[in-house]
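Since every read-out is calculated from the coordinates, none of them should be taken as a lab result. Every value quoted in this text rests on a predicted model; they were computed, and no experiment measured them. As a convention, Cβ positions derive from the backbone with ideal geometry for all residues, glycine included, and neighbour counts pool all protein chains shown.
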Amino acid sequence: MPLDAIFFWLFALITLGGAVMTVLSRNAVHSAVWLISSLLGTAGLFLLQKAEFLFAVQIILYIGGIMLLFLFVIMLVNLNQQAKERQFSGQWWIALVVCAVVAVQFGFFVKKGMPELPARAEEIAHTEGNIERLADVLFTQYLVPFEAVSLLLLAAIVGSVLMAKVKRS
Amino acid sequence: MSFTEIGTGHYVALSMALLLIGTLGVLVRRNIVVILMSIELILNAVNINLIAFSEHLQDLNGQVFAIFIITVAVAEAAVGLGLLIALFRNKETVNADEVNLLKW
């Protein structure tokens, strides 16, 4: 068995197992920790696909940034009461049926479409690394979307502060 | 699809499974914090798909899109958690089905 196959199955197991446990855990902190393991598995998959920059971004931004935010909020809102209550909504079986139907559809179309996928492109030997080439594309071709995204982030910062602020009348 | 030869199809199938697990989490759970985490799972599934095709076609546009998706995920999590704090301050609950202020 080649090494990349072993690593693929390992990371796939971490990702999917973490995802399932995130959805099923009763305690929200446990959910967050399982989600971290799932995100780590995803980061490993990025590395397998030679996306080194996104591997670093995934760990620094997702695990270091977003999950920290989640854990902070979990500590701010009191979830002890919630952990003792019913965890799943009343329509869980409808959701399960819908997801099963969508899974069958997805499986059908992936099985049908995969043979018609264009052939794998020739691997080009680059002299620069992944980060350098990504920066070239991001700061030339995608400069306007890049600036637009910075505006989006600004709006999100202002919005979240405004939402979480205590209003004194 | 074979067990030892890993192709793009494996990554697509994995991202499909992750997307479905995330969707199930959004639909099934009552806790809003876990619903937001499930949305992160869905966005991650999309990222895996984009990067698999970026490698398949040797085209960097997929990775640029993944960066944008991560940015949007950050913005979404920040605003969602801010809303959650405001909600908890007013209603003392984090259960999605107990928030019925807009229901008649």
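Structure above, values below:
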read-out	value
Listed residues A:CYS99, A:LEU39, A:MET75: farthest to the positive end of the dipole of the range A:36-136 (Cβ charges)	A:CYS99
Tilt relative to chain B, helix B:61-91 - C-alpha long axis, 0 to 90 degrees, to 10	10 degrees
Amide N proximity, the range B:68-96 versus A:ILE131 label position 7 Å along Cα-to-Cβ, cut-off under 19 Å	B:68, B:70-71
Within the range A:75-116: backbone nitrogen closer than 12 Å to the B:ALA96 label point (7 Å, Cα to C-beta)	A:88-92, A:95-96
Test item: B:49-62 mean partner chain Cβ contacts at 10 Å	5
Mean ellipticity per residue at 222 nm, deg cm²/dmol - from DSSP H runs of n ≥ 4 across the protein assembly as shown, formula -39500 (n - 2.57)	-24500 deg cm²/dmol
Cross-link table A:LYS50/A:LYS84; A:LYS50/A:LYS112; A:LYS84/A:LYS111; A:LYS111/B:LYS103, entries beyond 32 Å C-alpha to C-alpha	A:LYS50/A:LYS84; A:LYS84/A:LYS111; A:LYS111/B:LYS103
Degrees between helix B:32-56 axis and first principal axis of chain B (Cα, 0 to 90, nearest 10)	20 degrees
Kyte-Doolittle mean at least 1.6 and Cα axial length at least 18 Å: DSSP H helices in chain A	A:3-24, A:28-48, A:92-113, A:143-164
Chain A: projected area of the alpha-carbon convex hull, averaged over directions, in nm²	15.8 nm²
In degrees, nearest ten, helix B:8-28 long axis to first principal axis of chain B (Cα)	10 degrees
